[in-house]
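Structure first, commentary second.
The values are calculated or read from the model by the stated rules, or taken from the named source; none is laboratory data. Note that the structure is predicted; figures quoted are calculated from it, not measured. Methodologically, a virtual Cβ is constructed for each residue, glycine included, from the backbone with ideal geometry; neighbour enumeration extends over all protein chains shown. What goes into the accessible areas is simple: the full protein's heavy atoms, side chains included, and nothing from ligands, DNA or RNA. Shrake-Rupley method; radii C 1.70, N 1.55, O 1.52, S 1.80 Å.
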Amino acid sequence: MRVKATTGLINSRQGLEDLRRSLTAGRDPNKTCIAICTGTGCHAYDCMGLVAAFREEIGRQQLGDRVDVTATGCRGFCERGALLTIYPQGIFYQRVKSEDVKEVIAETVLQGKVIDRLVYADPHSKEHFVHQEDVPFYRKQQRLLLGNNNRIDPTSIEDYIRIGGYAALGKALFEMSPEQIIDEVKESGLRGRGGGGFPTGRKWESTRHAEGQPKYVICNCDEGDPGAYMDRSLMEGNPHSVLEGMVIGAYAIGSESGYVYVRHEYPLAVANVTKAIRQAEEHGLLGENILGSGFSLKVKVSRGGGAFICGESTALMASLEGRVGEPRAKYVHTSEKGLYGKPSNLNNVETWANVPLIINNGSGWYSQIGTAGSKGTKIFSLVGKVNNTGLVEVPMGTTLREIIYGIGGGIRGDKRFKSVQTGGPSGGFIPESMLDLPVDFDELTKVGSMMGSGGMIVMDEDNCMVDMARYFLKFLEEESCGKCLPCREGIKRMLQILTDITRGRGRDEDMALLERLSGNLVDASLCALGGTAANPILTTIQYYRDEYVAHIRDKRCPAGVCKELISYFIIDEKCPGCGLCVKACPKEAITFVAKKKPVLLDQERCIKCGACRDICKLGAVGVK
Amino acid sequence: MVNLTIDGRQIKAREGMTLLQAAREHGIDIPTLCHNDALEPYGACRVCLVEITYKNGRNRLVTSCLYPVEEGLSVSTNSERVTANRKILVELLLARCSGEKVIQDLARKLGVESPPFRPEYIERNACILCAQCVRACQEVVGVSAISLANRGVSREVAPPFLETATACIGCGSCVYICPTQCIKMEDVGDTRFIHNWSVEFKLKKCKVCGNHFAPEAQLEYITAKANLPPGFFDTCTTCR
C-alpha cells in the first residue's frame, strides 16, 4: 500500500506536509493489507517464514495488485505469536503458522470469511474476539508508544511520515523556541524511563545551561534486564519515533551531535535504527539544516558489547569514548561533564519516544495521563508465570492486579500467585497483599522495589523466594564491573550466604548479616547497580521471612525448589504405572513394577532433576 | 574560599578542593586505600566515606576523595553510619586479603577482629584492587602497560591478554606504589625482572662506577620524552 517516495531532501515544513498528503492520497484505504508482526517474540515463531509464505502465495495467485504484505514491529502479545492483522477489516489472527497461509488467502482475503481457529479465544470465557482492540490483553492497555508498531513497516520512513511522523519536529523547529520546548516537557511531567525517573525537562534544562561545547544527546538502548525487551521493541518497531524525539531534544538543548548506544545483541534494532538514520538524513530530517530550519544534528550509532553496567550513564559514556565501561561518581552531573567531559544529555529509548507525543498533543494532554507524580504511559515487559506474556503499555497508576490479571490473564495453570518482581534484576519482590498497588515511580520505591526500565516478572507458588533472590544476586555478581568494593566483594559474600541457605547450610545469624551487608551496599556503592542490588534480598526477607526461616531452621524448602532440601516420592494411589517417568529419568532411579502397579523410586539414585514430576500428568510425583 | 564544617570544626577551604584534601590540610584523618596524591581520585575502595549534611538538612554518604567542598556543608568523618559502613568494608577486605598487613592494621584500628563469613570462604589474595599500579602506569608514567582485566569478582590487574606487558619500560612505578607489595620485582646482575607482568629488562651500566642503575628501556623512554641529548644517561645519578 506504500507509494515509493520520489521526494529526496525536504527543505521546509510545508514540504513535509506535502509529502504526507501525497503519501496518504497515493494509498488506497480499501486495499487489503496483511500486516505480520516481525518483532523479537514472533521471530521465534518463524514470522519471517510466514511473511515469505504469504508473499509467495500472493505471487503465485497473482494477487500482488490487490494485496499488500507488511512486516511490522512488535505487537506485544508475544504469548500468541505469530500474529497478523488483515486490513481494512482489522481481522486479528494469532498463532498463525506457514501451513495456514493458503487458507487465510482463500477464506479471509478472497472471501472475507473469518477463520475461527485463528481468532483469539479467551481461555476462561471461551469468547472469541475477531478484532485486536477487543481482545482483553489489548483492550485494557493504552498503547500510545507501541500502538503505531501495528501500522507501519519500521524500515519505511514513508510509513512513519504518512501516519503523522515528524510533524512534532516541524512544530518544534518552526513554532517553538528551545525554552518553550523545555517548558513543555517540564510541564508534561515526563520522567526518565530508564530507571532513575529523573524529570526529563529539568535534565534538558541543565544541559542547555551547562557551559561547554559541543553538547551531546545520547539515546540509551543498552537494555540488559533479563526478560525485558521494551526498548528493543520500540527501536525495532518504530525507530523514527525515537529519532524524532532526539532531534527535538537536541534542538531544545542546543546540541548538534548525538549517539544511539545500542546493544550488539539486538541486531534488528541496530539495523533498523541505522537504516532510519540514513533515511532521515536523505529526507532532510536529520543532518545539516533540518527541514531548512538552520538547525543541524548528526546522529551516530554505537554498539555496546553486552555488559549490563553499560546501561549506567557514566559507564555508557566511558564505553562510547572507547574506554572500559565502568561508572564514575556523579558528584558532577553528566549534564555538566559527560561524554568527553562535555555537557551531555542521556535519555532512554522510551523517554525519547514520548517527546513527539508531548509536542504534538501538548503538556496539558499528556499530564492528564498517569498519577500525580508519574505522567504518561509505561511499557512493561510482563513475563514469568502469567498466561499472556508480552509487552504491555498502560497509564502510570494502573494496579499490579490489573496488569497481571486483567491484561496478563492471571497465573498459568491456575496456580496461586506468589510474587511479582518489578524493575529488573535489582528490583524488589512484591507480595500478593500489595497487588492493588498503583504502579508508578514513587509507589514502587515505597514498597522496596522500583520502576527500573519496566521489567515485570511474575512468580507463583512453585517459586522459592530464597532461590529467586539467589538467582538475581548471581546475575548481579556476574554483571558488577568490580570497580568498587561493596558491590564486588559485598554481592559475592551475599551470594555465598544465600547459596548456603538454599543448600541447607544456613546459619541463624545469616539473615541479620544479609541485612547488614545490604545496608552497606545501599550506602556505600559507587553507582546505582550496587545501590539497588540489595533490593531482591531486602524485599524477600521483608515479605517472605518464613521461607528463609524454613530453609535455615527446618532445612526445608516450602516451594520444593532447592534440591538439597527436597526429595521426590511416588504417590502410590495416583500412579497407574504407565512408565513415562521411568523413561524420563536420566539416572534409572525409577523402576517399572507392573501395569497398574505404582513405580518405585530409589532415593539413593535420584538427582532431583524433577524430570519425573514434569512429565507426570497425573500428579503422582510428589515433592517434600 | 569555601566555608564548611568538618567534625564540628569550622574550616575554610579553597574552591575545587575535595573533602579529603580539606580535612587532611586541617589535620583531620580519614583512612584511604585507593587514594594517592599523585593520582586522579578514583573512589573504588570507599573507605574514605564521610557523611555530609546539606544546608536543607538532607544527608548522605559520599566518598571524600571525590566530593568537592561546598559552602555551608557539614561533614562528619566518624558518625555512627560512617563507622558502621567502614567496618563492613574492612570486613569485606579482610575476607579477601586476610594476610595483608595494611588491611589487618586498618581492621585493628576499627575494632574488626575477623570477618563474619564462614572460615572456608576466607581468601588470601595479596591484591586489594585499588588500581594504583594501573593508574600510575597510565597517568604518571604514560605507557599503560597494564590494565584491569575482566569484570566483577574476576577483576584483576593484568598485562594485555594476560600475556606479557609489551609496553612496559621496567620503571617499577607499579611496584613502588602498591600498598600491599604484591608486585614482585628483582634486579639480578644486569637484568631486572617484574614477575607479575612476565617481563625482563637489561639494566644500564654506569660508565664511571660500573653499577647497573636503571633499565635501558626506561632511560630510552625518558630520553625521548624529555628530548635529552644522546649519552645523557651514560653515568648514574650518583656519579654525575
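Some notes on this structure:
- Taken over the range B:111-146, the criterion of being away from chain A (no Cβ under 11 Å) and touching a residue at least 40 places away in the same chain (Cβ under 8 Å) is satisfied by B:Ala126, B:Cys127, B:Gln132, B:Cys133, B:Arg135, B:Ala136, B:Glu139, B:Val140, B:Gly142, B:Val143, B:Ala145, B:Ile146.
- Residue in the range A:498-520 that is farthest from A:Asp554 (Cα to Cα), counting only those that are of a type outside the set (Lys, Arg), within 8 Å of chain B (Cβ to nearest Cβ) and touching a helix residue (DSSP H, G or I) at 6+ places or on another chain (Cβ under 7 Å): A:Asn520
- Residue count for the range B:150-168 satisfying the condition of being open to solvent by 20 Å² or more (accessible area, probe 1.4 Å) and either more than 30 Å from A:Gly305 (Cβ to Cβ) or within 14 Å of chain A (Cβ to nearest Cβ) (or both): 7.
- One residue alone among B:Gly43, B:Gly57, B:Gly72 is closer than 24 Å to A:His333 by Cα, in a loop (DSSP other than H, G, I, E, B) and within 11 Å of chain A (Cβ to nearest Cβ), and that residue is B:Gly43.
- Enumeration of residues in the range B:30-85 that are free of Cβ contacts under 8 Å to residues at least 12 places away in the same chain and under 19 Å from B:Arg135 (Cβ atoms): B:Asp37
- Only a single item in (1) assigned to a helix (DSSP H, G or I); (2) buried (at least 18 other Cβ atoms within 10 Å of the Cβ) is not met by A:Lys171, and it is number (2).
- Going through (1) under 25 Å from B:Glu120 (Cα atoms); (2) of a type in the set (D, E, K, R); (3) within 14 Å of chain B (Cβ to nearest Cβ) one by one, A:Asp523 falls short only on (1).
- Some residue of the range B:89-105 being basic (Lys, Arg), within 12 Å of chain A (Cβ to nearest Cβ) and in a helix (DSSP H, G or I): yes
- Considering (1) in contact (Cβ under 8 Å) with a residue 24 or more places away in the chain; (2) facing chain B (nearest Cβ under 10 Å); (3) farther than 21 Å from A:Gly196 by Cα, the lone condition that A:Glu461 does not fulfil carries the number (2).
- Unique residue being surrounded by 15 or more Cβ atoms within 10 Å (Cβ to Cβ) and within 27 Å of B:Glu123 (Cβ to Cβ) when the list is B:Leu73, B:Leu106, B:Leu19: B:Leu106
- Answer from A:Glu281, A:Glu244 - the residue that is of a type in the set (Asp, Glu), in the same structural domain as A:Ser177 (by TED's automatic domain parsing), in a helix (DSSP H, G or I) and open to solvent by 20 Å² or more (accessible area, probe 1.4 Å): A:Glu281
- Subset of the range A:300-318 [over 23 Å from the mean Cα position of the chain (by Cα) and within 13 Å of chain B (Cβ to nearest Cβ)]: A:Ala318
- Residue tally, condition assigned to a helix (DSSP H, G or I) and open to solvent by less than 50 Å² (accessible area, probe 1.4 Å), over the range B:210-232: 4
- Matching option when the condition is touching a strand residue (DSSP E or B) at 6+ places or on another chain (Cβ under 9 Å), more than 14 Å from chain A (Cβ to nearest Cβ) and either closer than 21 Å to B:Cys178 by Cα or not in a strand (DSSP E or B) (or both), among B:Ala23, B:Ala38: B:Ala23
- Listed conditions (1) in the same structural domain as A:Val349 (by TED's automatic domain parsing); (2) assigned to a loop (DSSP other than H, G, I, E, B) are all met by A:Pro123, apart from (1).
- The single condition among (1) open to solvent by 10 Å² or more (accessible area, probe 1.4 Å); (2) under 30 Å from A:Pro536 (Cα atoms) that A:Ala271 does not meet is (2).
- Conditions (1) of a type in the set (D, E, K, R); (2) within 14 Å of chain A (Cβ to nearest Cβ); (3) open to solvent by 60 Å² or more (accessible area, probe 1.4 Å): number failed by B:Lys207: (2)
- Per-region count, the range B:121-148, residues within 26 Å of B:Lys101 (Cβ to Cβ) and outside any helix (DSSP H, G or I): 12
- Filtered residues of the range A:507-540 (kept if under 29 Å from A:Ser567 (Cβ atoms), over 27 Å from the mean Cα position of the chain (by Cα) and buried (at least 22 other Cβ atoms within 10 Å of the Cβ)): A:Leu514
- Selection within the range A:427-438 - part of a loop (DSSP other than H, G, I, E, B) and open to solvent by 10 Å² or more (accessible area, probe 1.4 Å): A:Asp436, A:Leu437
- When the range A:551-602 is filtered for residues that are touching a strand residue (DSSP E or B) at 6+ places or on another chain (Cβ under 7 Å) and open to solvent by less than 30 Å² (accessible area, probe 1.4 Å), the ones remaining, listed by number, are A:Gly560, A:Ile566, A:Tyr568, A:Ile570, A:Cys581, A:Ala589, A:Ile590, A:Val599.
- Scope the range A:439-469; condition open to solvent by 10 Å² or more (accessible area, probe 1.4 Å), of a type in the set (Gly, Ala, Ser) and under 21 Å from A:Asp523 (Cα atoms); matching residues: A:Gly448
- Pairing each residue of the range A:596-610 that is assigned by TED's automatic domain parsing to the domain that holds A:Cys575 with any residue that is among the basic types (Lys, Arg), provided the two are 6+ apart or on different chains, yields C-beta distances under 6 Å for A:Arg605/A:Lys587; A:Ile607/A:Lys587; A:Lys608/A:Lys563.
- Hits in the range B:163-195 - residues which are among the hydrophobic types (A, V, I, L, M, F, W, C) and either over 20 Å from B:Gln132 (Cα atoms) or not in a loop (DSSP other than H, G, I, E, B) (or both): B:Cys174, B:Val175, B:Ile177, B:Met185, B:Val188, B:Phe193, B:Ile194
- Some residue of the range A:470-486 being crowded, with 20+ Cβ neighbours inside 10 Å and more than 14 Å from every other protein chain (Cβ to nearest Cβ): yes
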